[in-house]
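Everything on this sheet refers to the single structure shown next.
The values are calculated or read from the model by the stated rules, or taken from the named source; none is laboratory data. Quick caveat: nothing in here was measured; it's all calculated off a predicted structure. Cβ coordinates were reconstructed from backbone atoms using ideal geometry, including for glycine residues, and neighbour counts include every protein chain displayed. These area figures cover heavy atoms from the full protein model, side chains too; ligands, DNA and RNA do not enter into them. Shrake-Rupley method; radii C 1.70, N 1.55, O 1.52, S 1.80 Å.
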Amino acid sequence: MWRSKYDMDADAFAGDVDRLWGEVKPLYDALQCHVRAKLNESYGDEVVPLDQAIPAHLLGNMWAQSWGNVYDKVAPEGTAPAYDLTALLAEKNYSELDMVKTAEGFFTSVGFDPLPETFYERSLFLKPEDRDVVCHASAWNLNDIDDIRIKMCIKVDAEDFQTIHHEIGHNIYQRAYSVQDPLFRNDPNDGFHEAIGDMIALSITPDYLQQIGLLEDLPPAEADLGILLRQALDKVAFLPFGLMVDKWRWQVFSGELTPDSYNDGWWKLREQYQGVRAPNDRPADAFDPGAKFHIPGNTPYMRYFLSHIFQFQFQKAACDLAGWEGPLHRCSIYGNEAVGEKFNEMLEMGASKPWQDALAAFTGKSEADATAILAYFAPLKEWLDEQNADRECGW
Ligand SMILES: [Zn+2]
């Protein structure tokens with residue numbers, strides 16, 4: 001049933017995600033190999049043997065699903081990101097409201113209507129002092145028409161600058177498909193919503209920051225390596241985790257895994273796909289998958305794998321439409337109304353058509369395609385291959 005919601009045969013869907021994984025695996029393997037080698041330099045052969053999967057507790061995230069926190073350990077000299085967006089925001093005295101207005105400005109620059117006044121009256125931007133709230137950022141459409149709002153405790157930093165572009169992306173999508181009948185006011189598959197928000201955040205490039213007056217001089221292309229590596233530690237490192245969570249649940253649902261093999265089956269997939277392993281021997285009664293919210297929360301997870309593929313596919317299509325000829329990671333669609341118009345065609349379809357049709361309306365292709373994420377990270381892949389040239393990769 002979980003595999004049945006993708007406008008294709010349920011088993012064909014399983015085959016399709018395997019195909020996508022096969023396409024991105026060489027990029028992931030190169031990243032894993034480099035990160036393992038650098039962690040080995042920090043912790044030594046005993047903790048990080050070079051022929052085994054990486055102990056999961058060394059990757060700076062409780063689930064080893066995003067590795068941005070080990071950036072300092074894996075980035076060699078000279079690849080530090082060329083600018084610090086958090087510092088730029090502080091320099092220009094950005095307020096929380098400036099952050100929101102800037103993100104709104106991105107969408108109006110590509111032709112979307114301004115956000116309604118009620119957005120500003122009813123959203124939560126600041127952490128209230130008198131009560132507890134759930135600060136995890138989210139985007140809502142309260143009347144399913146145009147009562148769009150975000151709920152977020154904005155901090156003036158680089159991460160929240162991205163997040164706010166992402167959240168307002170959800171709002172723009174919600175408002176766009178409100179032209180549909182109520183049942184179709186949704187995304188056509190559950191990977192789309194997150195992909196739309198993330199795709200917009202991919203347009204936060206040095207060019208964009210310069211155009212909106214945050215960055216003065218454009219850094220040279222060589223300086224991009226640090227930025228790309230930092231992004232890959234989140235977006236590429238995530239891919240096999242995004243895949244294996246539901247691989248595990250499909251095995252649980254089918255009976256292939258039984259309660260006494262739940263935990264071993266979990267770590268088997270972690271090792272197989274992610275090349276990470278349990279930090280110590282797990283006791284017989286351990287249930288480590290339960291530490292991931294979506295498992296007890298019973299929330300499907302393949303959507304996150306898909307959104308990590310789709311966001312780059314959307315971005316590549318947008319940049320092709322814009323006639324962009326430089327490296328894909330430098331492309332921003334800021335200010336391009338022609339792209340915005342075509343983008344809106346996909347958004348306003350909502351769930352009224354199969355996702356393949358919505359995808360084709362914007363990208364011209366009706367298949368998920370991982371070549372765009374490979375193109376985006378191509379300069380990084382080249383660098384990783386150089387770093388790994390004398391290393392034995394694999395586990
Ligand atoms: Zn989101």
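How many residues are part of a loop (DSSP other than H, G, I, E, B) and either under 14 Å from Y177 (Cβ atoms) or within 16 Å of the ligand (Cβ to nearest atom) (or both) when one looks only at the range 134-147?
8
Every residue, every condition in (1) away from the ligand (no atom under 16 Å from the Cβ); (2) under 21 Å from the mean Cα position of the chain (by Cα); (3) modelled with pLDDT of 95 or more, yes or no:
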position: F184; (1), (2), (3): yes, no, yes
position: H193; (1), (2), (3): no, yes, no
position: Q210; (1), (2), (3): yes, no, yes
position: P219; (1), (2), (3): yes, no, no
position: D224; (1), (2), (3): yes, yes, no
position: L239; (1), (2), (3): yes, yes, yes
position: D264; (1), (2), (3): yes, no, yes
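Please work out if E104 is under 28 Å from P219 (Cα atoms), at pLDDT 95 or above, open to solvent by less than 60 Å² (accessible area, probe 1.4 Å) and away from the ligand (no atom under 16 Å from the Cβ).
Considered against the rule, which asks whether it is under 28 Å from P219 (Cα atoms), at pLDDT 95 or above, open to solvent by less than 60 Å² (accessible area, probe 1.4 Å) and away from the ligand (no atom under 16 Å from the Cβ), E104 comes out as yes.
Only one of these is open to solvent by 30 Å² or more (accessible area, probe 1.4 Å), under 21 Å from the mean Cα position of the chain (by Cα) and of a type outside the set (A, V, I, L, M, F, W, C): D29, D45, D11. Name it.
On inspection, the qualifying residue turns out to be D29.
Where the second residue is within 12 Å of the ligand (Cβ to nearest atom) and not β-branched (V, I, T) and the first is more than 30 Å from L215 (Cα to Cα) and open to solvent by 10 Å² or more (accessible area, probe 1.4 Å) and lies in the range 180-204, which pairs have Cβ atoms under 6 Å and are six or more apart or on separate chains?
Listed by first residue and then by second, the contacts come to D187/H193; D190/R303.
Considering L218, L142, L126, L209, which residue is open to solvent by less than 30 Å² (accessible area, probe 1.4 Å) and either free of Cβ contacts under 8 Å to residues at least 60 places away in the same chain or under 30 Å from N93 (Cβ atoms) (or both)?
On the way: L218 fails: open to solvent by less than 30 Å² (accessible area, probe 1.4 Å); L142 fails: open to solvent by less than 30 Å² (accessible area, probe 1.4 Å); L126 fails: open to solvent by less than 30 Å² (accessible area, probe 1.4 Å).
Checking each option against the conditions leaves just L209.
Do we find a residue being more than 22 Å from I200 (Cα to Cα), among the hydroxyl-bearing types (S, T, Y) and surrounded by fewer than 15 Cβ atoms within 10 Å (Cβ to Cβ) anywhere in the range 88-101?
Filtering the range 88-101 down to residues more than 22 Å from I200 (Cα to Cα) leaves 90-93.
Narrowing further to those that are among the hydroxyl-bearing types (S, T, Y): none.
The answer is no, given that none of the residues of the range 88-101 is more than 22 Å from I200 (Cα to Cα), among the hydroxyl-bearing types (S, T, Y) and surrounded by fewer than 15 Cβ atoms within 10 Å (Cβ to Cβ).
When residues of the range 84-117 are filtered for being assigned to a loop (DSSP other than H, G, I, E, B), aliphatic (A, V, I, L, M) and under 23 Å from the mean Cα position of the chain (by Cα), how many remain?
Qualifying residue count for the region: 1.
Matching residues to (1) more than 11 Å from the ligand (Cβ to nearest atom); (2) more than 16 Å from the chain's Cα centre (by Cα); (3) over 22 Å from M99 (Cβ atoms):
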residue	(1), (2), (3)
R149	yes, yes, no
D157	yes, yes, no
H165	no, no, no
L202	yes, no, no
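Of all the residues that make up the range 64-83, how many are within 30 Å of A291 (Cβ to Cβ) and either in a loop (DSSP other than H, G, I, E, B) or open to solvent by 70 Å² or more (accessible area, probe 1.4 Å) (or both)? Full working, then the answer.
Start the filter on the range 64-83 by keeping residues that are within 30 Å of A291 (Cβ to Cβ), which leaves 64-75.
If we keep only those that are either in a loop (DSSP other than H, G, I, E, B) or open to solvent by 70 Å² or more (accessible area, probe 1.4 Å) (or both) too, we end up with 64-67, 69, 72-73, 75.
Number satisfying all stated conditions: 8.
Residues of the range 328-344 being of a type in the set (A, V, I, L, M, F, W, C), in contact (Cβ under 8 Å) with a residue 60 or more places away in the chain and open to solvent by 30 Å² or more (accessible area, probe 1.4 Å), which ones? Even if it seems obvious, please write down each step before you answer.
First, pick out the residues of the range 328-344 that are of a type in the set (A, V, I, L, M, F, W, C): 328, 331, 333, 338-339, 343.
From what is left, the residues that are in contact (Cβ under 8 Å) with a residue 60 or more places away in the chain are 331, 333, 339, 343.
The answer is none; no residue qualifies.
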